[in-house]
Amino acid sequence: MANRAKPRAREAFDLNIADAEMLVALAGMLRNQRRYAMRAELRERVGSALKVPKRRWGQMECLENNQVFITFKPGSADLRGRLTDESLRPLLRQAVVAACAAVETFVADRVMELMSDALKATPVPPRLLELSMTVDEYLDIERRYERRAWGLRQIIESEVRRRASPAPSQIGVLFALVDQRLLWKRVDHHRGLAAGSSEPALQRIVDRRNVIAHTGDRKGRGRAAITLDELTRDLTCIAEIVDALDHVTRR
């Protein structure tokens with residue numbers, strides 16, 4: 001099998017954010033908008049179509065909303081009652097985590113895409129020159145690499161990925177390594193928003209991710225509320241911000 005080229009930063013983001021979008025879509029598909037239990041005549045029609053033994057038709061149930069009609073076969077009917085808005089919230093919480101991970105990966109990937117030009121620049125970006133190297137890392141480059149620039153790039157990439165974060169302040173720090181200045185002002189301009197709009201919007205989502213990751217989204221004796229509409233808006237916000245980052249930092 002031929003080796004597949006590593007996806008570029010935006011391609012990788014699109015693949016990764018699709019995981020979050022699927023979790024949100026799945027939560028939406030599993031919401032039950034049907035108020036009443038499955039009627040006897042409906043059990044008969046569906047049971048007959050699915051070749052369920054007649055004696056077991058009474059053990060069937062269904063879930064219905066604007067997107068799907070799901071039949072629970074005998075032995076699984078209790079799932080209908082267990083699929084509540086509360087029980088679907090773990091999917092939404094994990095969507096927040098997946099979306100932030102997609103942003104973090106995009107940032108690291110894009111910074112590394114710009115790194116070659118930054119290393120060749122005159123002068124080299126000051127923030128990049130501030131990165132340090134241990135004696136062990138220097139000796140490792142001497143031993144392992146004929147082209148020492150490759151070894152240097154590996155050390156830089158390791159540090160970039162270690163520092164990578166979806167937090168707006170850290171995104172600014174990483175892009176400063178490759179001399180991307182006034183980053184968030186340019187992002188707001190591309191989005192057609194007032195200066196200072198995108199950073200707090202993203203930080204709010206990252207703060208929620210941190211609460212989910214570190215405390216399980218605990219609030220008092222329970223867990224904080226989270227809704228499908230809220231997550232849909234947050235994913236749209238993240239997609240717009242990354243689209244702007246992609247545009248203003250593209251080579």
Taking the dipole about the Cα centre of region 100-249, with the C-beta of Lys and Arg at +1 and of Asp and Glu at -1, give me whichever of LEU119, VAL173, VAL248 is farthest to the positive side. VAL173
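Find the eigenvalues of the gyration tensor of the Cα atoms of region 32-82, then list the square roots of 5 times those eigenvalues as equivalent ellipsoid semi-axes, largest first, in whole angstrom.
They are 18, 12, 9 Å, listed largest first.
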Starting from the amide H of ARG34, placed 1.01 Å from N in the peptide plane, find each other amide H under 5 Å away whose residue is 5 or more places distant or on another chain. GLU64
Determine the distance separating the Cα centre of region 1-76 from the Cα centre of region 150-201; give it in Å without decimals. 39 Å
For LYS6, go through the aspartates and glutamates and keep the ones whose alpha-carbon is under 12 Å away, minus same-chain ones fewer than eight residues off. ASP109, GLU113
Can you run phi through the Karplus equation (6.51, -1.76, 1.60; θ = phi - 60°) for region 195-206 and list ³J(HN,Hα) in whole Hz, with x for Gly and Pro? 4, x, 8, 6, 4, x, 5, 5, 4, 4, 5, 5
Tell me, what is the percent relative contact order of region 103-251, built from C-alpha pairs under 8 Å that lie six or more residues apart? 26 percent
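Over the chain, what is the relative contact order in whole percent, taking alpha-carbon pairs under 8 Å and six or more residues apart? Don't skip to the answer; put the middle values down first.
On the way: 267 pairs, mean separation 54.0, N = 251.
Once divided by the residue count of the chain, the mean separation gives 22 percent.
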Using the Karplus equation 6.51 cos²θ - 1.76 cosθ + 1.60 (θ = phi - 60°), what ³J(HN,Hα) coupling, rounded to whole Hz, does each residue of region 61-75 give in order, writing x for Gly and Pro? 9, 9, 10, 9, 8, 5, 9, 9, 10, 10, 9, 9, 6, x, x
In whole Hz, with x marking every Gly and Pro, tabulate ³J(HN,Hα) for region 22-27 from phi via Karplus 6.51 cos²θ - 1.76 cosθ + 1.60, θ = phi - 60°. 5, 4, 5, 4, 5, 4
For the chain, what is the calculated [θ] at 222 nm in deg cm²/dmol (nearest 500), taking -39500 (n - 2.57) for each run of four or more DSSP H residues and dividing by its residue count? -20500 deg cm²/dmol
Counting pairwise Cα distances across region 173-223, what percent come out greater than 17 angstrom? 55 percent
Give the dimensionless ratio obtained when the Cα radius of gyration of region 40-149 is divided by 2.2 N^0.38 Å. 2.24
Enumerate the lysines that LYS73 could reach by cross-link, defined here as Cα to Cα under 30 Å, with residues fewer than 8 away along the same chain left out. LYS51, LYS54
Span per principal axis, largest first, for the Cα atoms of the chain (Å): 79, 49, 36
Helix 40-49 versus the longest principal axis of the chain: what angle, 0 to 90°, nearest 10, using Cα atoms? 70 degrees
Consider all pairwise Cα distances in region 100-249 and report the whole-number % of them above 26 Å. 37 percent
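Bear in mind that the values in this text are calculations on the coordinates, not laboratory data. The shown structure was predicted, so the numbers you read here are calculated from the model rather than taken from an experiment. Ideal geometry is used to build each Cβ from the backbone, glycine not excepted, and the neighbour counts take in all protein chains shown.
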